[in-house]
Amino acid sequence: MAEYKIFTDTCADLPPELYKKHDIGTVCLTVNIEGKDQPGTIDYPMLEFYDKLRKGVMAKTSQVTEGAFREGFEPYLKAGVDILYLAFSSGLSATADGAKVVAKALMEEYPGRTVCVIDTLCASLGQGLFVLKCCEQKAKGLSLQGVADYATALIPNLVHIVVADDLHHLKRGGRISAAAAVAGSLLGVKPLIHMSEDGKLIPIGKERGMERGLNKLLDIMGERIKGFDNPYITICHADALADAQYVAKEAKRRYGIKNAIIYYIGPVIGAHTGPGTVAFFFVGDHR
């Protein structure tokens, strides 16, 4: 079996130590804040980032460049190691499509080598959970193609559910109207969002207050998780740790979830959700 390395991009939002533990390669999307382009690295200063957003600083993002893909992949290809790249959702970024173009070119330049791109249709720690599960399959001895097949089968069952706090960031991203953002902020309305089958963020409801929003999504979790093995779930937050910990506690109490990986929503996705957002991810019967 040919040696291969699993790559993802830093939109997977895993804690830095897990990239090292599972030998996961990364490529970076770019964050532009205060007029400066910066790579959205795994050790990005998140507290500083969200503090700036709360003060009204706006951030923009851009996809992984061809140069970044080549810089990440080529050393392995030259060494005879194939690549399995688990990409940020094509419903939110052109990164996966760009990766496929680069992969085709690299395989022509390095005959006999494989660069396999999987559009995960996932984001943030949903993508992170997806990557971890693929790493587990690799550790069991599956080939690159075996893990790719596993990954493709997993996509429809990787559930993303989100409560947003800052409506003005959703307005800027076109998710809600300006009038709805103003009215919702005054009323304390929190939009409930999920990741659709085509990898897009879709509103599915709203609740008054964050606790009610989180509890509603925990109810949905109970409906979708039945019959599926979830030894752990992942939870991410935009500088809202207490809310993330509440989700972990309730998932354990209600559904017997034993472990939760909690980390920040990274700068690329946080630039669009704004501070205060909480999302959690698990394997269920449908998205």
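With respect to VAL189, is the statement that it is within 18 Å of the chain's Cα centre (by Cα), surrounded by 16 or more Cβ atoms within 10 Å (Cβ to Cβ), over 17 Å from LEU158 (Cα atoms) and not polar (S, T, N, Q) true? So VAL189 fails the test. I'd like to know if the stretch 8-30 contains one or more residues that are of a type outside the set (Lys, Arg) and either in the same structural domain as HIS237 (by TED's automatic domain parsing) or farther than 29 Å from LEU158 by Cα (or both). There is no residue in the stretch 8-30 that is of a type outside the set (Lys, Arg) and either in the same structural domain as HIS237 (by TED's automatic domain parsing) or farther than 29 Å from LEU158 by Cα (or both). Evaluated against (1) in a loop (DSSP other than H, G, I, E, B); (2) touching a helix residue (DSSP H, G or I) at 6+ places or on another chain (Cβ under 7 Å), ILE233 falls short on exactly one condition, (1). Considering the stretch 191-222, and only residues there that are touching a residue at least 60 places away in the same chain (Cβ under 8 Å) and part of a helix (DSSP H, G or I), the residue that is farthest from PHE88 (Cα to Cα) turns out to be MET210.
In the condition set (1) touching a residue at least 12 places away in the same chain (Cβ under 8 Å); (2) over 27 Å from ILE269 (Cβ atoms), VAL163 is compliant with all but (2).
Filtered by the rule that a residue be part of a loop (DSSP other than H, G, I, E, B) and buried (at least 22 other Cβ atoms within 10 Å of the Cβ), the stretch 114-155 gives THR120, LEU121, CYS122, ALA123.
Tally time: how many residues in the stretch 104-129 are at negative phi and touching a Ser or Thr at 6+ places or on another chain (Cβ under 9 Å)? Write out each step before concluding.
Here is the first cut: in the stretch 104-129, the residues at negative phi are 104-111, 113-120, 122-123, 125-129.
Subsequent filtering for residues that are touching a Ser or Thr at 6+ places or on another chain (Cβ under 9 Å) retains 107, 118-120, 122-123, 125-129.
Residues that pass the stated criteria total 11.
Having 3 or more residues that are crowded, with 20+ Cβ neighbours inside 10 Å and touching a strand residue (DSSP E or B) at 6+ places or on another chain (Cβ under 9 Å) is the bar; report the helices (runs of 4 or more DSSP H) wholly within the stretch 1-89 that clear it. Full working, then the answer.
On the way: elements: 16-21, 46-54, 66-78.
So the answer is 46-54, 66-78.
Being touching a residue at least 24 places away in the same chain (Cβ under 8 Å), more than 19 Å from the chain's Cα centre (by Cα) and over 26 Å from ILE33 (Cβ atoms), is that true of even one residue in the stretch 117-135? Looking for residues that are touching a residue at least 24 places away in the same chain (Cβ under 8 Å), more than 19 Å from the chain's Cα centre (by Cα) and over 26 Å from ILE33 (Cβ atoms), one finds none in the stretch 117-135, hence no. Name, by its number, the condition in (1) closer than 26 Å to ILE155 by Cα; (2) at pLDDT below 95; (3) not aliphatic (A, V, I, L, M) that does not hold for GLY56. For GLY56, the exception is condition (1). Give the stretch 236-273 a look and list any residue that's part of a loop (DSSP other than H, G, I, E, B), touching a helix residue (DSSP H, G or I) at 6+ places or on another chain (Cβ under 9 Å) and not acidic (Asp, Glu), or say none. Selection gives ALA238, ALA240, ILE257, LYS258, ILE265, GLY266.
For ALA242, indicate whether it is in contact with a strand residue (DSSP E or B) (Cβ under 8 Å, 6 or more places away or on another chain), at pLDDT 95 or above and over 27 Å from ALA87 (Cα atoms). Show your work before the answer.
On the way: in contact with a strand residue (DSSP E or B) (Cβ under 8 Å, 6 or more places away or on another chain): no; at pLDDT 95 or above: yes; over 27 Å from ALA87 (Cα atoms): yes.
For ALA242, the condition - in contact with a strand residue (DSSP E or B) (Cβ under 8 Å, 6 or more places away or on another chain), at pLDDT 95 or above and over 27 Å from ALA87 (Cα atoms) - is not met.
The values are calculated or read from the model by the stated rules, or taken from the named source; none is laboratory data. These numbers were taken from a predicted model, which means no experiment stands behind them. Here the Cβ is made from the backbone with ideal geometry for all residues, glycine too, and neighbour counts use every protein chain on show.
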